[in-house]
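Computed from the coordinates by the stated procedures, all read-outs in this text should not be read as laboratory data. Because the structure is predicted, anything quoted here is derived from the model rather than measured. Cβ placement follows ideal geometry from the backbone for every residue including glycine, while neighbour counts extend to all protein chains displayed.
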Amino acid sequence: MPSYLVPEFAVDVEETIKNSQFITRVRCVNTAEAAKDFIRELNKTWPDATHHCWAYIVGNPTSTTLISCSDDGEPSGTAGKPMLNILQHSGIGDIVAVCTRYYGGTKLGTGGLTRAYGGGVKLALEKVTLKEKIEYRPLQFSLDYAQLKDCEHLLKSYQTENLVLDYQTKILVKLDIAVEEHKAFKQALNNKLKGQIEWNTTY
């Protein structure tokens, strides 16, 4: 699945469970570092909180290896893993969830903690609006000046961005194209220009 769903807007939800306050915040992040920055920001802004437990998935949720989670001092496996489990079953990528807890004096037990942290993420996801993110990959090729018009006409039928034309002896074309259209575009351009095109083999 070259395209995938990501959060469109920030979402905050709040619950009180046996006198403990749980605030779950969900954000869209494009990198693991951005997720960590958000987590650090919350720790700095709300240092009086008992815990800031978190989980994130960066990239396509069906293939990414950029996942991580933390119990932040809660008993092992009672916070970060339940949060990550909810995220992994949501089909959403580029997402970080942080659940801030203010302890209210009543222990919840391991089962209660698991339900509280996982439930906080589930509640937040019910309020999340989603948008589609398209994955792109770079493509480079050279063509004659006389071929440019045909190439530009063909490009209108494909999802591309960051188009750069470098006018040399030939025209070096640089662009990013939707992963799912990469192979079809190369075939279509080869057919259109009767194979008279120089592909950059590193792309």
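Values as computed for the structure displayed
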{"read-out": "Whole-angstrom gap from segment 146-201 to segment 18-77, using each part's C-alpha centre", "value": "41"}
{"read-out": "Cβ-based exposure ranking for ARG27, ARG115, in which fewest neighbours within 10 Å come first", "value": "ARG115, ARG27"}
{"read-out": "The chain - percent relative contact order, Cα under 8 Å, separation 6 or more", "value": "24"}
{"read-out": "Simple label model, 7 Å out from Cα along Cβ direction - LEU163 to THR106, nm", "value": "6.3"}
{"read-out": "Per-pair calculated FRET efficiency, R0 = 30 Å: ASP12 and ILE134 via Cβ, rounded to 0.05", "value": "0.60"}
{"read-out": "Assigned charges on the beta-carbon of Lys, Arg, Asp, Glu; segment 72-203 dipole about Cα centre (debye)", "value": "380"}
{"read-out": "Taking PHE9, PHE141 and counting other C-beta atoms within 10 Å, the order from fewest to most", "value": "PHE9, PHE141"}
{"read-out": "Theoretical ellipticity at 222 nm over the chain - DSSP helices of four or more residues, -39500 (n - 2.57) apiece, nearest 500", "value": "-9500 deg cm²/dmol"}
{"read-out": "Simple label model, 7 Å out from Cα along Cβ direction - GLN21 to ILE67, nm", "value": "3.2"}
{"read-out": "Residue exposure sequence - ASP176, ASP144, ASP94 - by fewest surrounding Cβ within 10 Å", "value": "ASP144, ASP176, ASP94"}
{"read-out": "Whichever aspartates and glutamates have a C-alpha closer than 15 Å to that of LYS107, once near sequence neighbours (fewer than 8 apart) are set aside", "value": "GLU74"}
{"read-out": "Segment 135-199: relative contact order as a whole-number percent, Cα under 8 Å and 6+ apart", "value": "45"}
{"read-out": "Entry for percent of Cα pairs over 24 Å apart (calculated from the structure that is shown) out of (1) 47; (2) 52; (3) 38", "value": "(2)"}
